Each structure stands twice: as C-alpha cells, then as structure tokens.
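I have placed the structure first, in the form of structure tokens, so that the comments after it can refer back to it.
The values are calculated or read from the model by the stated rules, or taken from the named source; none is laboratory data. As the structure is a prediction and not an experimental result, all values here were calculated from the model. Neighbour counts run over all protein chains shown; Cβ positions are idealised from the backbone, glycine included. Protein only, heavy atoms only, side chains kept; ligands, DNA and RNA dropped before computing areas. Shrake-Rupley method; radii C 1.70, N 1.55, O 1.52, S 1.80 Å.
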Amino acid sequence: EQQGQIRIVKNGVLLTNNFASFTVNSNGERGLLGLAFDPNFSTNNYIYIYYTLPSAANNRLSRITANGDVMQAGSEVVLINFDPLSSATNHNGGFIKFGKDGKLYVALGENANRPNAQNLNTYLGKLLRLTIDNSVPSTPTATPPTDNPFFNSATTVQGKSVWAMGLRNPFSFDIHPASGKISERSRY
C-alpha cells in the first residue's frame, strides 16, 4: 500500500497482520510504490521494494527477507538511495519487476523536472536495468550490467544503469514472458 504497509491475501483472505510496515512519505505520488519477488524467492525469501523516505529526501530500493507471513525483523538492506527529490510530489514512478533475463528493472519518474529525463547523470526519468548479486547475503549489490545501452559511454553509475531514458512518469510496465519485450501496461 502507498502508505507503507505490505499486506498478504492467503487462501483468498486478507490476513489481519501486515507482512511489513514502513514509515514512508506518501504525499502526492510518493510512498511505497513498488514490490518484486526475487526470481529465486522459493529458496531465498528475498523481496525488493521501492519507496520514498519519510524525509522525502529521495526514493530508495531495498531488499527485505520474508519469514513466513511476515518480514524477518531487521532484514532490510538498502541497495540504492536514488537522487534527491525536489518539493514536487509527483512523477515518482516506482514500478519494479524482474525480467526474463533475470535483471531487475526499476522505473523512476522525472520528479516533475523534464530535463532530468534527458540527463544521464541522474536516475530520474529513466528505466533502469540492474544485476542483483546476492552471493554475499548480508551485502547484496545492485549494479549496471555491462550490456546496458549507455554502459560504455556514460561516466556515472546513474548513466551506466539506464535501459531507457526520456520518461516522464513510468509508474507501470510489463515484460512479456516469452519475448522479454517491455511495454507500458494498459490503463483500461
């Protein structure tokens, strides 16, 4: 939920207790905006979340660990603190999903500042493609793959992480399970 709660529906019933609760800034289009299960969730219990810090300083990508129907206490590991946010509370994006290639795709809005979308020195206004490495479980990493389009020409980790740029508010997308093609979801 945008206000910071992760809920579980089990056997068709909404459980009384939250899986987890995060303190977030949920003004406007901010808050807990994205959640993705690790491709190996059945063995590692990892979940990735995208949310706005309570201070509204920036959005964050973290990994948490499930322990049955609740989050394992103290399991949040911050992977990326994204660029600072302006006072605008819109265009935060936030959708995250693993692709057929095993990479994590993260959509960030341009924070109501159009030039961000064309600037490779900021994560804002982009679709990122990241390799998640959990080989050391206590210190996972989220790094740009070397075959990202701007990996060799960009001079910053932000630019190297970009899969697509020039995006206003990519709050939703999907990845075709067979082709791997990425497209915006229908709003019907």
| field | Given (1) in contact (Cβ under 8 Å) with a residue 60 or more places away in the chain; (2) within 23 Å of residue 160 (Cα to Cα); (3) open to solvent by 10 Å² or more (accessible area, probe 1.4 Å); (4) not β-branched (Val, Ile, Thr), number of the condition residue 94 does not satisfy | value | (3)
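Considering only segment 1-13, how many residues are part of a loop (DSSP other than H, G, I, E, B) and either of a type in the set (Ser, Thr, Tyr) or open to solvent by less than 90 Å² (accessible area, probe 1.4 Å) (or both)?
Final tally of qualifying residues: 5.
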| task | Please find, among 23, 65, 16, the residue that is under 25 Å from residue 139 (Cα atoms), in a loop (DSSP other than H, G, I, E, B) and among the β-branched types (Val, Ile, Thr). | result | 23
| query | Would you call residue 106 at pLDDT 95 or above, open to solvent by 60 Å² or more (accessible area, probe 1.4 Å), within 24 Å of residue 53 (Cα to Cα) and of a type in the set (A, V, I, L, M, F, W, C)? | reply | no
| query | Among 117, 88, which is farther than 23 Å from residue 40 by Cβ and touching a strand residue (DSSP E or B) at 6+ places or on another chain (Cβ under 8 Å)? | reply | 117
| query | Do you know which of the residues in segment 133-188 that are loosely packed, with under 14 Cβ neighbours inside 10 Å, at pLDDT 95 or above and among the charged types (D, E, K, R) is nearest to residue 34 (Cα to Cα)? | reply | 133
